[in-house]
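Read the figures in this text as sums done on the coordinates, not as results from a lab. Predicted model only: the values in this text are computed from it and were never measured.
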């Protein structure tokens, strides 16, 4: 029988194996990594920064946050905010199901598999501390790794749209996440820091 640590290591390895199959690539410190594998490493790094003694379920949930997302591309759904959220919800269900399957293979009890599945679907955001922690971690990864690229890739967005995006991201986070985000913002490019400051000042934060 495996120890709890062995079960965790096996689950993380299986998630990594799944994400290493991503045909898309992301540059990380000069190395081209499969995109969702790179994303999962960013998630783990920020989880441990926010919660150094993170539980096994949170380590698994964060590592599986985007598991095999390339198999469900955004282009499969029509344009528009409503369809975007439908896509996001479908992704969350798929990620939760895949994480639960992997955990079951590693010998985790059904209730723990279901717990991680619930966290990844984010059905209990705000009510559940684990789900909120996952959201904080995801927001930190976005702000650190993808916000600048997203900004440069969408030059046609009006400023008010960017302010809305920042406010929505901020609104998903807990006070702990806010504290980490403000510290991270100190090293942001000037135009992004200005955008963040304007969004927060207008929201009364």
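For this structure, a couple of remarks:
- The range 1-42: C-alpha gyration tensor shape, a/c 1.5 cut-off, then a/b vs b/c: prolate
- Take the convex hull of the alpha carbons in the chain; its mean projected area over all directions comes to 12.2 nm².
- On Cα atoms only, tilt of 190-202 relative to the major axis of the chain in degrees: 90 degrees
- Separation of alpha-carbon centers, the range 132-205 and the range 82-127, rounded to whole Å: 25 Å
- Angle between the chain longest axis and helix 4-19 axis [Cα atoms, degrees, rounded to 10]: 60 degrees
- P(r) of the range 130-205 over all Cα-Cα pairs, binned every 10 Å from zero, in whole percent: 18, 58, 23, 1
- Computed over the range 63-139, the Cα gyration tensor eigenvalues convert (square root of 5λ each) into semi-axes of 23, 16, 9 Å, ordered from largest to smallest.
- Share of Cα-Cα pairs in the range 1-121 lying beyond 20 Å, as whole percent: 45 percent
- Between helix 81-105 and the chain: long-axis angle, C-alpha atoms, 0 to 90°, nearest 10: 30 degrees
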